[in-house]
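Heads up: the structure comes next, in structure tokens.
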Amino acid sequence: MSETYGPYSMEQSDRVFGILNEFFHRYLEQRDAKQCLSLLSEQVCSIGTGEEEIAIGREAFEQILLRELEQLPGPIHYRITDYVQHEKLPGCWDCFCRVETRMDLPDGSMAFCNMRVTAGIHQQENRLIIDMLHASEPSDGQRLGEFFPLRSISQGNQSISRETQHELMELIGQMMPGGIVGGYMEKGYPLYVANDRFLSMGGYGSYEEFEQDIKGMVINTIHPEDWEYVENEIDRSFRQADQYEIEYRMRRRDGSYIWVHDAGRLTRDFNGRKAIVSVLTDISKQVCIRQSLEYAAVRDPLTGIYNRKGGQTHIAEKMRTASDYLFFMMDLDNFKQVNDFYGHDQGDQVLKMFGEQLMSAFRKTDTVCRLGGDEFAVFVTDCGDIQVLLGKVQKLIESYRTMMQAHWPAVQATLSVGAVYGRKYRSFEQIYQLADAALYEVKNTGKGRLKLRTMDH
């Protein structure tokens, strides 16, 4: 970290830091209002260190800036330290740092100021732009270990009403990309606070309507299937720090669910009661895209069943806990003739229909996959009566022959199956090789049959 005042030196590739550093350079060193404003969004939200330095929109920021430049023409030398940035969404960053400033006064003395700065930066077309700025000075009235300078509140025998608390949360919420909700660190997370942006995200018309719908418990905004996961993650995170980040499904007023990114922090209310305050961002679109990509990576696009990668991964997971297993390798005999006689479109139709036959014949818990071309596989765990399963495969062999004779009679189509039964753990490659050897025997001794190899006896 440089100890000299002036522009902070970092790699030019760090465009996010670069735009923030450029802003401070234009603002403090050059005192150039026009250049400063060009780096801000039209809807920028800014809170400065002064009592009246609150601006919503670039025009309001400009008015405050021009008044400041008139009083303090500068230049003001600066140094950025403790810089951290976090990409909360694609093309959207939160930045945190300290800005130490020094200004030479006419009498030869120097004035110093140490600020903590939070900035929000997002990608807008081909450039980065600042949409949020918050500068603060550490409080002189706050003891080490306190979260707020509580002495000044209690000594004046003052209290903050719900209305004032709501106004404060709304002011903060204007600078946040999502809604704000808070719950006390007690069973079910009793409701602490919620701002208008969060209420709108959930489809609620008022705070009271929201409080009544969730029965006063924030846990009721979370999908029941996600409760345990959320609580465990919060507990795990709080054992290491006072904040967390998590994704889960949030219930809206109409009963539908959206995916949210929850960035929460541990705090206390003005009575010292522990609470969590979270910023929630709707990430449903991003999750949908991510799930689609994940699905496509492990599924065969033609049949919809697992591809080789997805099947191999799924089988490896199930193998670890299986008491016993059956692995079937299936080959569509003479499949090339379908493409030759009827065309590739009809060949695709055969593959689709056989995939449907497999899905109908086996349990949802069984792993059905297309290994490639005309080669399929099925992995069954906790087999029970093996003869029942073998009988099921024999029926599949017959139903496939019947289907082919009905729709593609010019092809001498049969289904050959090589199978392995075992109890001991084996890798996917091991059971594949064993089943392939059994399949090879079938294809060389008559096709259209099932050959089983039993291991571990």
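Here, each number is a calculation from the coordinates, and none is a lab measurement. Since we're looking at a predicted model, the values are computed, not measured. No Cβ is skipped: glycine too gets one built from the backbone with ideal geometry, and neighbour counts run over all protein chains shown.
So here's what we get for this one:
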item	result
Whether segment 330-416 is rounded, prolate or oblate, judged on the alpha carbon gyration tensor where a/c under 1.5 counts as rounded	prolate
Qualifying aspartates and glutamates (Cα of each under 17 Å from Cα of K447; at least 8 residues distant if same chain)	D331, D333, D374, E375, E398, D436
Distance from segment 224-258 to segment 46-94 (C-alpha centre basis), Å	33 Å
Residue-wise HN-Hα coupling along segment 106-111, computed from phi with Karplus coefficients 6.51, -1.76, 1.60 (Hz; x: Gly, Pro)	x, 7, x, 7, 10, 10
Convex hull of segment 15-136 built on C-alpha atoms - directionally averaged projected area, nm²	7.4 nm²
³J(HN,Hα) computed for each position of segment 123-135 - Karplus, 6.51 cos²θ - 1.76 cosθ + 1.60, integer Hz, glycine/proline x	7, 10, 6, 9, 9, 9, 9, 8, 10, 8, 9, 9, 10
Total formal charge among the other residues, if their Cβ is under 13 angstrom from that of D385, Lys/Arg +1 and Asp/Glu -1	-1
Cβ-placed point charges (K, R +1; D, E -1), dipole of segment 299-454 about Cα centre in debye, nearest 20	420 debye
Length gained when the stretch N220-Q430 is fully extended (0.36 nm per residue, less Cα-Cα span)	70.8 nm
Options [x] 0.99; [y] 1.34; [z] 1.17 - which one matches Rg/Rh (Cα atoms, Kirkwood Rh) as calculated here	[z]
Segment 363-376 - phi-based ³J(HN,Hα) in whole Hz, Karplus 6.51/-1.76/1.60, Gly and Pro as x	6, 5, 7, 7, 9, 10, 8, 9, 6, x, x, 9, 10, 10
Mean separation of Cα contacts under 8 Å (6+ apart) over length of the chain, as relative contact order %	8 percent
Folded to 0 to 90 degrees: helix 386-407 orientation relative to the chain principal axis, Cα	80 degrees
Three-way shape label, segment 260-328, alpha-carbon gyration tensor, a/c 1.5	oblate
Unsatisfied cross-links (Cα-Cα over 25 Å) in the set K364/K392; K364/K424; K88/K318; K187/K215; K395/K451; K215/K285	K88/K318; K215/K285
Listed residue (A435, M353, F335) projecting farthest to the positive dipole end of segment 299-454, Cβ model	A435
Label point at E245 placed 7 Å out along Cα→Cβ; residues across segment 72-101 whose backbone nitrogen lies under 18 Å	83-97
Crossing angle, helix 15-24 versus the chain [Cα axis fit, 0-90 degrees, rounded to tens]	10 degrees
Long-range HN-HN contacts of I76 with modeled amide H, under 5 Å	E29
